[in-house]
Amino acid sequence: MRLTGLLSAIFLVTATLTARAADVPISAFYGTWQGAGMAEDADSVYFAMTTRDFNVVVGPAGNGFTVTWTTVIHSGGDPNNPDIRRRETTLTFEPADRAGMYNATNSGNPVDGEVLSWARIEDNTLSVFQMALNDSGGFELTSYDRTLTGLGMELDFRRLRDGEEVRKVTGRLIKIAG
């Protein structure tokens, strides 16, 4: 009886590891999403973490899709006049030759001082990557993982500089339109 249970458990684990859920289509991400999150970096131990408000719009564009994301950063200052910064980025992606991969239409060559951008869909996560080089040839890589959940979307943002994590932002968004 124990051997049968052990074999069943091994089969279940093996089947789970080898079976891969089908990637969701890009259309599952279409719509307008809003939410908030917290940013951490190496100084978060000494200083307060900063809050972020997010707005993400994903929609069709030609054979691919466009993602526009806006981040509002609240980082201290006078409570009556807080320090608020707003950043907005729009990228359009076309399907690549590899399944689940997308090239940004305005992607450039990092060696020439441009930003290389691409996206992928894996399971229920849309990931957008951007890579740039600094003047000394070191790299900065940002990744935005947007994962669909039963309650909306989870965001996991990371910025790496020469392989070291310098910032991490996590948050949750809900679909408000689309």
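When the test is whether a residue is crowded, with 17+ Cβ neighbours inside 10 Å and among the acidic types (D, E), E164 does not pass it. Reported count of residues in the stretch 11-31, each being at pLDDT 80 or above and farther than 19 Å from G150 by Cβ, is 1. Candidates L91, L126, L116: the one that is more than 22 Å from A39 (Cα to Cα), in contact with a helix residue (DSSP H, G or I) (Cβ under 9 Å, 6 or more places away or on another chain) and modelled with pLDDT of 95 or more is L116. For the stretch 92-102, the count of residues that are under 15 Å from M153 (Cβ atoms) and buried (at least 17 other Cβ atoms within 10 Å of the Cβ) is zero. Just for the stretch 146-167: of the residues that are modelled with pLDDT of 95 or more and closer than 15 Å to A28 by Cβ, which one is nearest to the chain's Cα centre (by Cα)? The qualifying residue nearest to the chain's Cα centre (by Cα) is R146. Looking at the stretch 80-178, what strands (runs of 3 or more DSSP E) fall wholly within it and have at least 2 residues that are within 23 Å of F54 (Cβ to Cβ) and among the β-branched types (V, I, T)? By residue number, 81-95, 125-133, 139-149, 164-177. Which residues, counting only those in the stretch 54-78, are among the small types (G, A, S) and either in contact (Cβ under 8 Å) with a residue 60 or more places away in the chain or part of a strand (DSSP E or B) (or both)? Listed by number, the residues that qualify are G59, A61, G64, S75, G76, G77. Annotation: of all residues in the stretch 168-178 being within 13 Å of the chain's Cα centre (by Cα) and of a type in the set (D, E, K, R), the one that is surrounded by the fewest Cβ atoms within 10 Å (Cβ to Cβ) is R172.
The values are calculated or read from the model by the stated rules, or taken from the named source; none is laboratory data. Bear in mind the structure is a predicted one, so any value in this text is a computation, not a measurement. Note that each Cβ is placed from the backbone with ideal geometry, even for glycine, and that neighbours are counted across all protein chains shown.
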